[in-house]
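Scroll down for the structure; my scribbles are underneath it.
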Amino acid sequence: MLAPTYLWERMRRREMKDVEQLYLDSRQALTVYFLRRHRSAHVAEDLLQETFLRLIRRVEQVRLAGSPRGYLFGIARHVSADAWRRGQGEQSDQGRLAELEAPRPDQRLAAARETIAGMPDLQREILELRFHHDLSYAEMAEALGIPMGTVRSRLHNALHLLREQLENE
Amino acid sequence: MMKPETLSALLMDRELGELPPDARELLEAYLALVPGAQFEAAAVARVVGLARETVCQFPDLSRPAPGAGRHPKIRPLPWLRSGQVRAAAVVVVAAVAGLWAGYQTGLAAGASGRAKLAYSGGDRAPGAEAGRPRYEGLWTRYRVAYDGARKGFAVEECR
């Protein structure tokens with residue numbers, strides 16, 4: 001029988017490998033996530049590091065999570081919210097920002113933008129996670145800490161609103 | 001025929017890649033059979049495409065509203081607060097305990113000390129023997145019992 005310490009070490013090493021792989025797979029997506037929310041490459045990098053530090057502190061929970069990627073986005077969400085509360089929300093960075101700025105929008109997109117801007121925060125966030133970060137229902141539910149049915153119904157409601165706007169044009 | 005809202009929801013799930021393969025196959029077969037459903041499918045695809053394009057082109061939409069911190073927890077029944085739930089639970093437990101106590105007391109009282117009050121059916125005089133009462137309980141002052149042999153009801157007071 002293997003000594004408990006040895007088993008623990010093996011488990012930790014395996015978990016750390018999982019975290020490392022998750023970091024490599026998600027780094028780009030999370031950088032974009034923070035850039036869009038905070039508009040600064042410097043802040044995005046800091047928040048990315050903080051996200052993975054928090055993940056390492058909770059490494060045993062990653063295995064228990066329904067979706068590791070969703071769990072990671074959930075941590076990123078809290079890290080971003082904490083930054084906003086500390087007043088580190090936005091520091092404009094013209095360099096990377098230029099990559100994200102939209103070309104001159106057409107009428108249809110401008111109207112859609114207005115419709116989405118008027119939606120509750122949670123609904124906008126669900127749209128963002130789905131259409132920009134390609135998270136599934138299950139991953140969004142994990143990230144947001146809400147039931148999957150709620151994610152689905154909020155997303156469908158948002159799309160219905162957009163459709164009404166489209167049909168009214 | 002599928003309800004329009006059900007079809008719309010399934011089509012959205014399909015556009016978002018959330019339908020399991022067997023459900024997707026069934027939906028495709030339905031779309032092939034029902035021509036009107038294909039217009040709905042096209043409309044849903046346009047909306048999903050618009051949402052994707054808008055979200056990707058406007059990064060400011062991803063920023064939280066000013067002063068927003070963590071998102072509020074989703075409550076399935078927002079009008080229920082924990083204090084109300086506790087109070088309701090206490091009332092329910094007390095009611096159940098009262099019902100049980102009443103029933104037990106009624107059973108324990110047995111058939112002693114009853115006064116027979118009235119009798120219906122036939123031409124029997126009041127005070128005739130009645131069968132075993134049907135309703136028992138602490139709060140039951142009177143009991144109604146049917147006497148099959150004499151084909152009538154007797155009302156008796158419990159003491």
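Quick look at the values:
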| quantity | calculated |
| --- | --- |
| Total residues in region B:37-59, condition among the aromatic types (Phe, Trp, Tyr) and more than 7 Å from chain A (Cβ to nearest Cβ) | 1 |
| Test result for A:GLU114, part of a helix (DSSP H, G or I) and either over 17 Å from A:THR51 (Cα atoms) or modelled with pLDDT of 95 or more (or both) | yes |
| Selection count where residues are more than 8 Å from chain B (Cβ to nearest Cβ) and under 29 Å from A:ARG63 (Cβ atoms), scope region A:154-169 | 1 |
| Identity of the residue in region B:1-49, among the small types (Gly, Ala, Ser) and under 34 Å from the mean Cα position of the chain (by Cα), that ends up surrounded by the most Cβ atoms within 10 Å (Cβ to Cβ) | B:SER8 |
| Residue check, B:VAL91 in contact with a His (Cβ under 7 Å, 6 or more places away or on another chain) and either at the interface with another protein chain (Cβ under 7 Å from one of its Cβ atoms) or modelled with pLDDT of 80 or more (or both) | no |
| Test: residue in region A:59-75 that is at pLDDT 80 or above and within 12 Å of chain B (Cβ to nearest Cβ) | yes |
| Scan of region A:136-169 for residues that are closer than 16 Å to A:TYR71 by Cβ and either touching a residue at least 40 places away in the same chain (Cβ under 8 Å) or not aliphatic (A, V, I, L, M) (or both), ordered by number | A:SER136, A:TYR137, A:ALA138, A:GLU139, A:MET140, A:ALA141, A:GLU142, A:ALA143, A:LEU144, A:GLY145, A:PRO147 |
| Of all residues in region A:148-169 being among the polar types (S, T, N, Q) and under 20 Å from B:ARG46 (Cβ atoms), the one that is surrounded by the fewest Cβ atoms within 10 Å (Cβ to Cβ) | A:ASN168 |
| Region A:117-151, residues that are more than 10 Å from chain B (Cβ to nearest Cβ) and of a type in the set (S, T, N, Q) | A:GLN123 |
| Residue tally, condition within 15 Å of the chain's Cα centre (by Cα) and part of a helix (DSSP H, G or I), over region A:44-67 | 10 |
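The values are calculated or read from the model by the stated rules, or taken from the named source; none is laboratory data. What you see is a predicted model; the values in this text were computed from it and never measured. Using ideal geometry, Cβ is built from the backbone for each residue, glycine included, and neighbour counts are taken over all protein chains shown.
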